Amino acid sequence: MTRSAEPTARVFLALLPPPAAQRALGDLARETARRAHGRPVPAENMHVTLAFVGAWPIARMPMLTEAACDVVGESMHVVLDELGTFRRAGVAWIGSSSPPDALLRLQSALAAALRSGGVAFDDLQPYRPHVTLARRCRGPYPQGATTPVAFDVDRFSLMGSETRAEGARYRELGHWPLRTGTRG
């Protein structure tokens, strides 16, 4: 008798823009996908990834949430104002020309907590905060300054990703508050 693989969930930790910012990003995604001949990311899927974990055993989810619970971060104001691409991946995105220090500290603290908690995650590339707008782009690729999309964030979330025929759908599995701070 063969033993079946342990059930997993595809997960990541992220900042979620509020609904108005998600709608603005969704509009930009449709326009960007049209120009870059790609597939837009739905507005409800807009997020800034902090750490991509991938397939994680459901039975070990408490280990992941405990690591996240240990993270202390500050609420922040995020301004996305720069279009860019990951050409080899066919991805168009919007990022920040000047990411808030609070965002970079949060991501660093979360990465350290995950590592010390024994949670493997994708940390091979330097962290570049962004929101994916379109996938499977063939070009021309957007580059440079754009009309800013700004929003405030007061928590970070554990997200589950479910792949469907029409594309991935995300749902919030948990969240943790960010304290009110005075630094950017």
Amide H of L178 versus every other amide H placed in the peptide plane: which residues, excluding those fewer than 5 positions away on the same chain, fall under 5 Å? R155, F156
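Quick one, can you get me the convex hull of the C-alpha atoms of region 51-105 expressed as volume per residue in Å³?
Working: hull volume 6.0 nm³, N = 55.
Per residue, the Cα convex hull of region 51-105 comes to 109 Å³.
Using only the heavy atoms of the protein chains and a 1.4 Å probe, how would C69, C137 rank by accessible area, largest first? Could you put the intermediate results ahead of the total?
On the way: C69 80, C137 10 Å².
In descending accessible area the options line up as C69, C137.
Percent of Cα-Cα pairs more than 19 Å apart in region 83-172, please. Let's see the in-between values first.
Numbers: 2223 of 4005 pairs.
Looking at region 83-172, the distances longer than 19 Å represent 56 percent of pairs.
What translational diffusion coefficient, in µm²/s and rounded to a whole number, does the Stokes-Einstein relation yield for region 1-83 at 25 °C and a viscosity of 0.890 mPa s, taking the hydrodynamic radius as the Kirkwood radius over Cα pairs? Kindly include the intermediate steps, with their values, before the conclusion.
Numbers: Rh = 15.6 Å.
Taking Rh from Cα pairs, D becomes 157 µm²/s.
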Using a basic spin-label model with each label point 7 Å from the Cα along Cα→Cβ, how many nm lie between A145 and L173? 4.1
Sorted largest first, the C-alpha extents of region 96-135 along its principal axes in whole angstrom are 31, 27, 13
Compactness of region 111-153 as Cα Rg over 2.2 N^0.38 Å, two decimals: 1.70
Please check: in the Gaussian network model of the chain (C-alpha springs, under 10 Å), which one of D122, D81, D152 has the largest mean-square fluctuation. D122
The chain - charge dipole about Cα centre, Lys and Arg +1 at Cβ, Asp and Glu -1, debye rounded to 20: 700
Inter-centroid distance (Cα atoms) of region 86-103 relative to region 5-57, Å: 13
Amide H partners (placed H, <5 Å) of A9, local residues excluded: W56, I58
HN-Hα J in Hz across region 144-153 - Karplus 6.51, -1.76, 1.60, θ = phi - 60°, x for Gly and Pro: x, 5, 9, 4, x, 10, 10, 7, 9, 10
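Remind me, relative contact order of region 112-177 in percent, using alpha carbon pairs under 8 angstrom and six or more residues apart? Numbers along the way, then the final one.
Working: 35 pairs, mean separation 13.7, N = 66.
Once divided by the residue count of region 112-177, the mean separation gives 21 percent.
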Find the relative contact order for region 56-127 and round it to a whole percent, using C-alpha pairs within less than 8 Å whose residues are 6+ positions apart. 35
Quick check on region 9-48: take the gyration tensor over C-alpha atoms, sort the square-rooted eigenvalues as a ≥ b ≥ c, and tell me if it's rounded (a/c under 1.5), prolate or oblate. oblate
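Tell me the relative contact order for region 2-59 as a rounded percent, counting alpha carbon contacts under 8 Å between residues six or more apart.
Working: 74 pairs, mean separation 31.8, N = 58.
Once divided by the residue count of region 2-59, the mean separation gives 55 percent.
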Please report Rg over Rh for region 1-145, where both radii come from the alpha carbon positions and Rh follows the Kirkwood definition. 1.02
Taking the Cα centre of the chain as the origin and placing charges on Cβ (Lys, Arg +1; Asp, Glu -1), which of A36, G117, Q22 is farthest toward the positive end of the dipole? A36
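The values are calculated or read from the model by the stated rules, or taken from the named source; none is laboratory data. Computed from a predicted model, the values in this text were never measured in an experiment. Cβ sites come from the backbone with ideal geometry, for glycine too, and all protein chains shown count toward neighbours. We work out accessible area using only protein heavy atoms, side chains counted, and drop any ligands, DNA or RNA first. Shrake-Rupley method; radii C 1.70, N 1.55, O 1.52, S 1.80 Å.
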